Amino acid sequence: MKTTMNVARGLLLCAAVALSQPVLAQAPGGLKEKLLAAKQAAAQSQQALRSYTWIEKTELSYKGEVKNTKINSCRYGTDGKVQKTVIQEPPPADKKPGLRGKIIEKKKGEMQEELQAAMALVHQYVPPDPGLIQVVIGAGQASLSQQGPELVALTFPNYLKAGDALTLTLDSAFKAMRRIGVTTYMDDPAKPVTLAVQMASLPDASYPASVTLGIPASSIEVRVTNSNYQRVAP
């Protein structure tokens, strides 16, 4: 679960990384200005969040049932890294005796390996790689679409693998990231791995309110929820 939390902490850099100068250089004039505004807004949000504390809750579910939960109190340190204080740890798992216990432990090990592989894969999408985005733009596959009256989506299909997609959804003014979506797979396209991020707003920043990593074929899901943002006293 640690890797998923690292994904959550790096999400506000998505626009700043994805919308780098080489990418902006390939965009049409009007869109280029909007993308630059998005990049600047992302950098400002990342800086503003250093003035807050918040609560981070991480839940691991299997077949729709939450198996363990961890809660941390978080804030940025002077070194720019997130510092965590544990509020709630998952209780130690009861070990079953005999053959049943061995089967359960084997299953847990397999799930952990699969989850780690999925999280490593997701890290190839978030933060986005400007070089890969350039390839999609150069191939004429990137698209900009209206998502209702207030949102627009930048979609990059075949970003890392054939048939995958990275989607960045921003407000219509290109001032804030609203959603981030990844649809991919490890070895078999019929066994997808998904990442869904829902952003929320503070008076001076955007932050990842929820980050959900799913492996539907294995009924595994990890959900990170960030809440209770409070400004640190100066």
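The values are calculated or read from the model by the stated rules, or taken from the named source; none is laboratory data. This one's a predicted model, so the numbers in the text were calculated from it and none came from an experiment. Glycine gets a Cβ as well: all are built from the backbone with ideal geometry, and neighbour counts include every protein chain shown.
Summary of computed values
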| read-out | value |
| --- | --- |
| Wholly within the stretch 124-174, strands (runs of 3 or more DSSP E) carrying at least 1 residues that are in contact with a Cys (Cβ under 9 Å, 6 or more places away or on another chain) and at pLDDT 80 or above | 165-171 |
| Count - residues of the stretch 35-71 that are modelled with pLDDT of 90 or more and small (Gly, Ala, Ser) | 3 |
| Search result, residues across the stretch 155-195 that are more than 15 Å from Val122 (Cβ to Cβ) and among the hydroxyl-bearing types (Ser, Thr, Tyr) | Thr155, Thr169, Ser172 |
| Residue identified as among the aliphatic types (A, V, I, L, M) and farther than 23 Å from Leu160 by Cβ among Ala217, Ala190, Ala209, Ala196 | Ala209 |
| Residue match in the stretch 184-196 (condition: part of a strand (DSSP E or B), at pLDDT below 90 and of a type in the set (Gly, Ala, Ser)) | no |
| Residue count, the stretch 197-225 (criterion: under 23 Å from Gln124 (Cβ atoms) and either in a loop (DSSP other than H, G, I, E, B) or not hydroxyl-bearing (Ser, Thr, Tyr) (or both)) | 15 |
| Flag if Lys107 is basic (Lys, Arg) and either within 17 Å of Val193 (Cα to Cα) or part of a strand (DSSP E or B) (or both) | no |
| Filtered residues of the stretch 203-234 (kept if under 22 Å from Ala42 (Cα atoms) and either surrounded by fewer than 16 Cβ atoms within 10 Å (Cβ to Cβ) or in contact with an Asp or Glu (Cβ under 6 Å, 6 or more places away or on another chain) (or both)) | Pro203, Asp204, Asn226, Ser227, Asn228, Gln230, Arg231, Val232 |
| Residue that is surrounded by the fewest Cβ atoms within 10 Å (Cβ to Cβ), among those in the stretch 43-71 that are in a strand (DSSP E or B) and of a type in the set (D, E, K, R) | Glu65 |
| Sole residue being at pLDDT 90 or above and surrounded by 14 or more Cβ atoms within 10 Å (Cβ to Cβ), chosen from Cys74, Cys14 | Cys74 |
